[in-house]
Amino acid sequence: MSSPAILCNLERFAGKSVLVTGSSGFIGRRLVSLLVAHRAKVMLLQRRAEPTSRDILLANLAEPDFDAQIASVWGERHFDTVFNLAAYGVTRSTDSSADGQRRKRLLAQRVNVDAARAIFRHAQKTGSSSFVQAGTCFEYAPLDDAPRVETDPLERRDNLDSVIYGVSKARATDTLLRLAQSSTLSLVVARIFNVYGPGEKSERLLPSLVYNLSHGKRVPLSAGMQIKDYLHLDDVVEGLCMLALTAGNREFRGVLNLSSGFPVSVAQFARVVADTIGHCEHLLSFGERPAHPEEVPVLIGSTAARDAFTEWRPRLPLDVGVPSVVCNMMAKDCLRGINDERRRPFYA
């Protein structure tokens, strides 16, 4: 679907009431901006107050009484659409102690599973039309090199610290799908693959590459043979919105990959960044550091089910999206003042 058609469809959010959780995150901020630009009445559910013109419901999903907090602030408010982007454990914890891992498991269960269940139930109770759950490609269990389809086995290795996030998100998917079977509320679990774009944390691959290469610094990387499925942030938020609109019309209850479907190696990704900056590919030190031992070598998402569900398609291929983000970062000097010691590449 072309950009004008996307914009036309997004106008359907005008005047609609929308609740967004996880609105302070990388994807959440961009989603809220898009919804507001199309005149949706957006309310945020988050754990702390911030200087903003948006209406905020305060509830800390990491606290044991999260459900009571949600009920108290939500009340009888009606939202046409709910986007649940709240999540714990997206970034790898630096605390590898036994207590640290126990706490991570507890919070992943509470925020990613139990709170998602509570939010869905409140949306159902107050008559929402559609519920979009932000899932993740890390829900998938390790398989062969074929593109993942939505019915593939999910990550269940409870004893492995490195996959706590994926395991908890898979549990959330199971939980919500069960609830949706006896509900009139449409549910889309959007399994989001590797997102890049403006506003990424400085330690992630793209900002790290831009900062170091643009300053003439060598970048230690793995061999870069991992195959990933990259999607620009703007495509992700537009996709989430289009899935919500389509699901609301169809009483859909299921899982859809939010992916490009195109395999790209980490080395290819890094070289696109270097080519955009210019004359710095020699600074990419492939093979200098190991890949993460638990990283899946190939993780691509099939788009077949999503393409059958909606006419929407990603509109920013890698050779367009990456240069636009690199130029944006460099033009705005987004990385100014960040300590060089924090500029380590995300496992790549």
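The values are calculated or read from the model by the stated rules, or taken from the named source; none is laboratory data. Note that this is a predicted model, so its numbers are computed, not measured. Positions of Cβ are generated from backbone atoms using ideal geometry, with glycine treated the same way; all protein chains shown enter the neighbour counts. We work out accessible area using only protein heavy atoms, side chains counted, and drop any ligands, DNA or RNA first. Shrake-Rupley method; radii C 1.70, N 1.55, O 1.52, S 1.80 Å.
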Some residue of the stretch 122-134 being surrounded by fewer than 20 Cβ atoms within 10 Å (Cβ to Cβ), over 29 Å from Gly248 (Cβ atoms) and free of Cβ contacts under 8 Å to residues at least 40 places away in the same chain: no
Those residues of the stretch 11-42 which are surrounded by 21 or more Cβ atoms within 10 Å (Cβ to Cβ) and either out of contact with any helix residue (DSSP H, G or I) (no Cβ under 8 Å at 6 or more places or on another chain) or on the phi > 0 side of the Ramachandran plot (or both), in sequence order: Gly22, Gly28, Val32
The lone exception for Ala86 - which of (1) more than 21 Å from Ser259 (Cβ to Cβ); (2) open to solvent by 60 Å² or more (accessible area, probe 1.4 Å); (3) part of a loop (DSSP other than H, G, I, E, B); (4) in contact with a helix residue (DSSP H, G or I) (Cβ under 7 Å, 6 or more places away or on another chain) it fails: (2)
Pairs with Cβ under 8 Å, 6+ apart, first in the stretch 308-323 and more than 16 Å from Val195 (Cβ to Cβ), second acidic (Asp, Glu) and open to solvent by less than 40 Å² (accessible area, probe 1.4 Å): Trp312/Glu238
Candidates Arg103, Arg121, filtered to the one that is closer than 20 Å to Ala244 by Cβ and either in a helix (DSSP H, G or I) or touching a Pro at 6+ places or on another chain (Cβ under 7 Å) (or both): Arg121
When residues of the stretch 255-273 are limited to those that are open to solvent by 10 Å² or more (accessible area, probe 1.4 Å) and not in a helix (DSSP H, G or I), the one nearest to Leu187 (Cα to Cα): Val255
Qualifying residue in the stretch 26-38 (condition: at pLDDT below 95, out of contact with any Pro (no Cβ under 6 Å at 6 or more places or on another chain) and of a type in the set (S, T, N, Q)): no
